[in-house]
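> Quick one: this structure, given as structure tokens, is what I'll be asking you about.
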Amino acid sequence: MKKIGIFGKAIAIIIALASLLSIFAACKQDKEDGPSPEDNKELLDISGYTIVRYDKSDSSITKKTSKMKVAIKSTLGLDLSVQTDWYNPNNAPDPNAKEILIDQTNRKESADALAKLEEKETDAYIIDITENKIVIVGKTDYSTLRGITYFIKNYVTISPKGSKLDTAHGKSVIQDYTAIKNISIDGMLDMDIEVMSTVLASEQKVSNTLGYTATLDHVYFPSVIELQHQPNEEDNGTLIAAMSIGETPAGGPMSSLGCIMKSVDNGKTWKIIFRPTETFKPWFWAGQMSHIYELPEKVGDMPAGTLIYSANTVNYSMYSHIGVWRSFDCGKTWKQYTIVAEGGGLKEGVWEPVMFYDNGYLYCFYSDDSNRKYDQRIVYKRSKDGVNWESAVNVCAFNNFGERPGMPIITKMGNGEYFLVYEYCGEGHDCFIYYKTTKDITKWNPTDPGTLLSAKVNGADYTMASSPTCVWTPAGGECGTLFAMGRREFGGDKTIRMYVSFDYGKTWTTMENPLPYKWYNSAVAGNDSIGYRSIMVLGADPSVIHYVSITNVGYVKGSQVQYARLKLYD
């Protein structure tokens, strides 16, 4: 019986192997018979093509066409020539020529493609691929730019090696495009700007903003985040904003100066979700100089996605501290759980907290008047668990009493350096905006003021003062794009602009402010809230910047908190 059993097992093994071989053969046959991922790609050999551009194209289209040429060369190894549509002296284009047609050229194929957009009520672009022509054209310059950008990203940069273009996205693609506003920056970057018509808060009598009727005397220190690290994926994409408000209450004393709002429709509408109150020292008002932050990684017992709200609790005659509230449920419930730093009143306080996560630590950068060796200094404290804070470390601490660096904002750039902007106040400094960089966030040269933020505008030096902000995004080329700005232009016509750098802050240019405001306006003279302080943060898509600011353009009196979404294209 034993021998028969062994023989039977051997037969069974042989049968099993035969079955596996047949399955393998069947799988192999299926793979050979069915299309492979490569077979699914529709490939177009564009060697021998010429890029033809409309001779009256806008300069931004001309520059974007050059970028397309560079992308084709770096990805496909083809150095295609670029010509304008008047290149043929007889003005009789060869219908059989292999061409990539940009904008409204004099080729029939451009007119045919544009005709397909006539029924579109909104702006739109088309990418139309025929036997020997590739047409990219929009109803306006803005949409043509978007069409070129889409072509580069979806047809060129994902192509296989060799001269073949991947056209799996379609031989005829029509996309609606709505641009509220478009800004081009030195041929390096162009940007769509969508400014929401709904304001978060404004200095007027309101019934919907706070849930009751009250006059908002001031709105200031707005900040915003897009949720990106929530355990419930449906919560990601929600916008959370925070601000400080001063109100004349209707029916009793106020207990909170803070306000946290939420938007689930990309900033079109906002709903208040929390008014923080002080629990450690309940006889003081909470919520001044507020800042909202989402943890990207776990800190202590706080998981990634924990919302962190930091703000000042102040009695200006005697006491101040930086308190922190947290929410584990996407902002539904909050609890004040720690105090970062304590100080005295107006001349000895702690101010303007900003949270920042790096390498396992939660950092709080803030302005500090509590050390009487300095008139004011910028310091940071850090915490491994988000609750207990290490001693303060100087970031800017100058030897001359009367010099007051303050209001720090920090961002991390693609080269690994940390970029910090601040206002340099005190005699002779007028709160000019300066910036500092370091490769190690824990190591700053505190006596070095850094560099004055400056650029040339119409041949003259353009500088700004007060309430700085900054953000770095990887969009915009090899070094990404660094944005920075202050609250007011120093001198000149009071036009508020934004600084832009494409080389990590070595050189700067400027652009118009996406949320413009007038620093001086006789109708709002004495209102100190305007522009106090703007914040820019990256979205889940790092080419999107969320921007909040306090403006007064189009507003008769007072000021308002506005939100804008900036979409960058490189």
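All of the numbers you see were taken from the coordinates with simple rules; none came from a lab. In this text the structure is predicted, and so the values were computed from the model without any measurement. Cβ sites come from the backbone with ideal geometry, for glycine too, and all protein chains shown count toward neighbours.
> What do you get for Rg/Rh of the stretch 76-129 when both radii come from the Cα atoms and Rh is the Kirkwood radius?
Values: Rg = 13.2 Å, Rh = 13.0 Å.
Reported Rg/Rh (Cα atoms, Kirkwood Rh): 1.02.
> Can you tell me what the convex hull of the Cα atoms of the stretch 192-569 projects to on average, as an area in nm²? It would help to have the intermediate numbers written out before the result.
On the way: hull surface 71.1 nm².
Value for the stretch 192-569: 17.8 nm².
> Two decimals is fine: what's Rg over Rh for the stretch 450-518, C-alpha atoms, Kirkwood radius as Rh?
Values: Rg = 11.8 Å, Rh = 12.4 Å.
Answer for the stretch 450-518: 0.95.
> What are the ³J(HN,Hα) couplings of the stretch 150-156, residue after residue, when phi is run through the Karplus curve with 6.51, -1.76, 1.60 and θ = phi - 60°? Round to Hz, x for glycine and proline.
Going residue by residue, I get 4, 5, 4, 6, 9, 10, 8 Hz, with x marking Gly and Pro.
> Sticking with this one: Where does the Debye-calculated log10 I(q)/I(0) of the stretch 349-426 sit at q = 0.15, 0.21 Å⁻¹, using only Cα point scatterers of equal weight, no solvent?
Results for the stretch 349-426 at q = 0.15, 0.21 Å⁻¹ read -0.52, -0.93.
> Nearest 5 percent is fine: what portion of the DSSP beta bridges confined to the stretch 43-179 is antiparallel? Let's see the in-between values first.
On the way: 13 of 24 bridges.
Within the stretch 43-179, antiparallel bridges account for around 55 percent of the total.
> Also, quick follow-up: So, counting K/R as plus one and D/E as minus one, what does the shell of residues with Cβ under 14 Å around D301 add up to? Could you put the intermediate results ahead of the total?
On the way: positive: K298, R326, K335, K384; negative: E297, D385.
Result for the neighbourhood of D301: +2.
> Counting only residues 5 or more places away or on other chains, whose amide H sits under 5 Å from the amide H of I273 once H atoms are built in the peptide plane?
I260, M261, K262
> Using only alpha-carbon positions, what ratio does the radius of gyration of the stretch 296-374 give when scaled by 2.2 N^0.38 Å?
Details: Rg = 14.0 Å, N = 79, 2.2 N^0.38 = 11.6 Å.
For the stretch 296-374, the normalised Cα radius of gyration comes out at 1.21.
> Can you flag which of K347/K443; K67/K153; K108/K139; K64/K139; K67/K567; K64/K456 are past 22 Å Cα-Cα?
As for pairs spanning more than 22 Å Cα to Cα, those are K347/K443; K64/K456.
> Magnitude of the Cβ-charge dipole of the stretch 192-569, K/R +1 and D/E -1, about the Cα centre, nearest 20 debye?
Working: 33 positive and 39 negative charges, 82 e Å.
It comes to approximately 400 debye.
> Using only C-alpha atoms and all pairs of different ones, pull out the Kirkwood radius for the stretch 72-176 in Å with one decimal. Write out the running numbers ahead of the final one.
Numbers: mean 1/r = 0.0697 Å⁻¹.
Kirkwood radius, the stretch 72-176: 14.3 Å.
> Cross-link list K181/K268; K436/K506; K98/K171; K69/K116; K381/K412; K133/K164: which exceed 19 angstrom alpha carbon to alpha carbon? Please list the in-between numbers first.
Values: K181/K268 16 Å; K436/K506 11 Å; K98/K171 16 Å; K69/K116 26 Å; K381/K412 17 Å; K133/K164 14 Å.
Violating the 19 Å Cα-Cα cut-off are K69/K116.
> For the stretch 370-495, what mean projected area does the convex hull of the alpha carbons give, in nm²? Please report the intermediate quantities before stating the final value.
Values: hull surface 38.1 nm².
For the stretch 370-495, averaging the hull's shadow over all directions gives 9.5 nm².
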